[in-house]
Amino acid sequence: MNKSDLIAAMAGRAGVSSKDAGACLDALFDVVADVVAAGEEKVNVPGWISFEQTIRKARMGRNPQTGEALHIPESKAVKVSAGSKLKAAAKSGGAAPEAPPEPEAAPSSSW
């Protein structure tokens, strides 16, 4: 599924125009990118997905052609983790399971 397909699916499910769905998706990506780039906090959608900035430590590496040792500097990367609902959907091959219904309150006694 590409971005256009995703926008069309979002628009259909939410009952909004493709233009509005596209604007929402772009805004989501902008916010996630800004927060992750700042590196101060994690973007977490509980049960679905999380994004966070990680730092890869500096290390020594080797040039595979010459065998020469070289310094690889510290770098920043993005860690993306799937949540339990997304993992369950992938495992079942379909949509994520619905949340179980809330238990009914026990009848109150008048004693």
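Does LEU70 satisfy the criteria of being among the aliphatic types (A, V, I, L, M), out of contact with any strand residue (DSSP E or B) (no Cβ under 8 Å at 6 or more places or on another chain) and free of Cβ contacts under 8 Å to residues at least 24 places away in the same chain? For LEU70, the condition - among the aliphatic types (A, V, I, L, M), out of contact with any strand residue (DSSP E or B) (no Cβ under 8 Å at 6 or more places or on another chain) and free of Cβ contacts under 8 Å to residues at least 24 places away in the same chain - is not met.
Of all residues in segment 76-96, at least one satisfies being of a type in the set (Ser, Thr, Tyr), under 18 Å from the mean Cα position of the chain (by Cα) and either at pLDDT 70 or above or not assigned by TED's automatic domain parsing to the domain that holds MET60 (or both). The criterion of being loosely packed, with under 10 Cβ neighbours inside 10 Å and closer than 23 Å to PHE29 by Cβ holds for PRO46. Residue-level analysis places GLU40 among those that are at pLDDT below 95 and not aromatic (Phe, Trp, Tyr).
The values are calculated or read from the model by the stated rules, or taken from the named source; none is laboratory data. Remember, predicted model here, so these are calculated numbers, not experimental data. Please note: Cβ atoms are built from the backbone with ideal geometry, for glycine as well, and neighbour counts cover all protein chains shown.
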